[in-house]
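The values are calculated or read from the model by the stated rules, or taken from the named source; none is laboratory data. Just so it is clear, the model here is predicted, and its values are computed rather than measured. Here Cβ is always computed from backbone atoms with ideal geometry, including for glycine, and neighbour counts include all displayed protein chains. Calculation scope for accessible area: heavy atoms of the full protein, side chains included, ligands and nucleic acids excluded. Shrake-Rupley method; radii C 1.70, N 1.55, O 1.52, S 1.80 Å.
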Amino acid sequence: MQRAMRLLERVAEHEYGAPAKQLARETRLALPTAYHLLRTLVHEGYLRREKGLFFLGEAAERLSSREAQQKRRSTVVDALARWRDAIGVPVYYAMYRDGEIEVMCVSDTPGNPAVEEWADFRETAHAHAIGQCLLSQLDEEARRDHLDRYPVRPVTPYTVRDGNALMKRLESMRRMAPVVERQEYALGTVCAAIPITVGTTAATMAISLPLQQADRLLPAAQRLQDEVGRLLGSLAISISI
């Protein structure tokens, strides 16, 4: 296995392919051993052979893609945990993908637990800060399409009353301002979400706090926004997490 991995790594370094003899020399493998491993890797789809040269195959490229995706996810998870500890709040990462609200990652602690998803987040975008923030980044047609599929309905006594009221609220939101929601999704909880737009994809980072700590909400949201702004370029927040 280790010898096969060494061959794969060497092939990956040769954009225009490499012959077996060169790969054997670079990996310090006996030529018959290298030939055997290269044939096996070609058979399994990890390599392809063209005119005596070896290139990475589709299986290796898929593996590389999955590894890159896992690395991006790990980067985001680590960032959320760092912000959670620094600000002292649960931190959420969500995005709008294929017409649905998707909470991709949540970082909390026993002392600062996340909001329990007691009503499906996808169906109640109108009632929580995450959903309102994501909907605010869509155009009017996409918003109406979402609300046609998931109509506004009461979740708590504080939930926005109807679709027209929600559309007016979304239209009045300032582009990069935090979206604040107070007990609209869960009684005793206040939330804030900050918009993150990369290309045409809508995403958000959000926080939640108990109602009795409501005075901390906006300062905490502003700090999160500052932290995200500093790292967004290097993180390239994994829109395809």
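Here is how the number arises for the chain: DSSP H runs of 4 or more residues each give -39500 (n - 2.57), the sum is divided by the residue count, and the result at 222 nm is -14500 deg cm²/dmol.
Work out the FRET efficiency for ARG174 and GLU15 from their Cβ-Cβ distance, taking R0 = 41 Å, and round it to the nearest 0.05. It comes out at approximately 0.30.
Mind sorting out which of (i) 7, 28, 28, 19, 11, 5, 1, 0; (ii) 7, 27, 23, 14, 12, 12, 5, 0; (iii) 8, 31, 37, 20, 4, 0 is the real P(r) over Cα pairs in 10 Å bins from 0, in percent computed from the coordinates? It is the one labelled (ii). Based on C-alpha pairs under 8 angstrom that are at least 6 apart in sequence, the chain has a relative contact order of 16 percent. Surface composition of the stretch 83-241: carbon and sulfur atoms hold 49% of the protein heavy-atom accessible area at a 1.4 Å probe.
Whole number in Å², please: accessible area per residue of the chain, 1.4 Å probe, ligands, DNA and RNA not counted.
I get 56 Å² per residue for this part.
Rolling a 1.4 Å probe over the protein heavy atoms of the stretch 1-64, with every protein chain left in place, gives an accessible area that is 50 percent carbon and sulfur. Could you give the length gained on full extension between HIS43 and GLU140, defined as 0.36 nm per residue of separation minus the Cα-Cα distance, in nm? Residue separation times 0.36 nm, minus the Cα-Cα distance, leaves 29.8 nm.
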